[in-house]
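Q: I'd like to ask some things about the structure below.
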Amino acid sequence: MKKEDIGGVHVQYFLHCKRNLWYYLNNVLYEGMNEKVLISKTEHNSFYNKKKNKEILFGSIKVDLIENKTIKEIKTSSVMRESHEIQLLYYLYYLK
């Protein structure tokens, strides 16, 4: 897998749960029925409906939002804070 093929979800799953990464890479969809995932997606959609420059795709990464030359990722929980921070660092590396 080349850098151009790795997205933010890959980075998050690699750091948080390698089994989830395997599921994701093999198109096994299991999170769709998870209540926390559904709530997160609803919050994500309601927040971004009001914003411009949202969900911008750069190759294999999708940046949630760019405001004032700043990349922003909106997360509903701080449980995986470290992996969220590393995801942003990966975005900066990718974009450089």
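The values are calculated or read from the model by the stated rules, or taken from the named source; none is laboratory data. Since the model is a prediction, treat every value here as computed from it, not as a measurement. Don't worry about glycine lacking a Cβ; one is built from the backbone with ideal geometry, like all the others, and counts go over all protein chains shown. Side chains included, ligands, DNA and RNA excluded: accessible areas come from the protein's heavy atoms. Shrake-Rupley method; radii C 1.70, N 1.55, O 1.52, S 1.80 Å.
Q: Mind listing whichever residues of segment 27-57 are open to solvent by less than 80 Å² (accessible area, probe 1.4 Å) and at pLDDT 80 or above?
A: Selection gives 28, 56.
Q: While we're looking at this one, here's another question. Find the residue count for segment 8-26, including only residues that are within 17 Å of residue 80 (Cα to Cα) and either crowded, with 17+ Cβ neighbours inside 10 Å or not basic (Lys, Arg) (or both).
A: Residues flagged as within 17 Å of residue 80 (Cα to Cα) and either crowded, with 17+ Cβ neighbours inside 10 Å or not basic (Lys, Arg) (or both) within segment 8-26 amount to 12.
Q: Collect the residues in segment 68-90 that are assigned to a loop (DSSP other than H, G, I, E, B), among the polar types (S, T, N, Q) and open to solvent by less than 70 Å² (accessible area, probe 1.4 Å), keeping them in residue-number order.
A: 77, the sole residue that qualifies.
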